[in-house]
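A short reminder: the numbers here are calculations on the coordinates, not readings from a lab. Since this is a predicted model, take the numbers as computed values, not measurements. Cβ placement follows ideal geometry from the backbone for every residue including glycine, while neighbour counts extend to all protein chains displayed.
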């Protein structure tokens, strides 16, 4: 069995979340994996898998730990992006995404307000979710 590209599944789900896509770009949502591109228009979301769990007994159900960065040009708007991301992920269950299903999504770490010291005027809220995916 091939390893599931959970990043693609997560992005495919997020671009269907109207409240999020309206906030981060509308028809061309700024939802990036693995990192925010240089000079990206804000607000935006970037994410990547940072680890997680799997079991050899059920190989088709990975549960990656995913880091999300919710970006904006001020801390208030970055927190708004985080709030909408949270509303679209926290506690979801059995969401069909193409040939996959997101079985669950649970926030591991609440959003942390950060100022990027290397990129002036880029503010972000950092959060982590455990997201369980299954191939249908």
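Before moving on, here are some points about what is shown:
- Distance between the pseudo-spin-label points of residue 53 and residue 110 (7 Å out from Cα toward the beta carbon): 2.3 nm.
- Label-point separation, residue 8 to residue 65 (7 Å along Cα→Cβ), nm: 2.6 nm
- Theoretical ellipticity at 222 nm over the chain - DSSP helices of four or more residues, -39500 (n - 2.57) apiece, nearest 500: -6500 deg cm²/dmol
- Estimated distance in nm for a label pair at residue 117 and residue 41, the labels positioned 7 Å out from Cα along Cα-to-Cβ: 3.2 nm
- Between helix 75-89 and the chain there is an angle of about 20 degrees, using the helix long axis and the longest principal axis of the Cα atoms.
- Contour minus Cα-Cα distance for residue 135 and residue 22 (0.36 nm per residue): 37.8 nm
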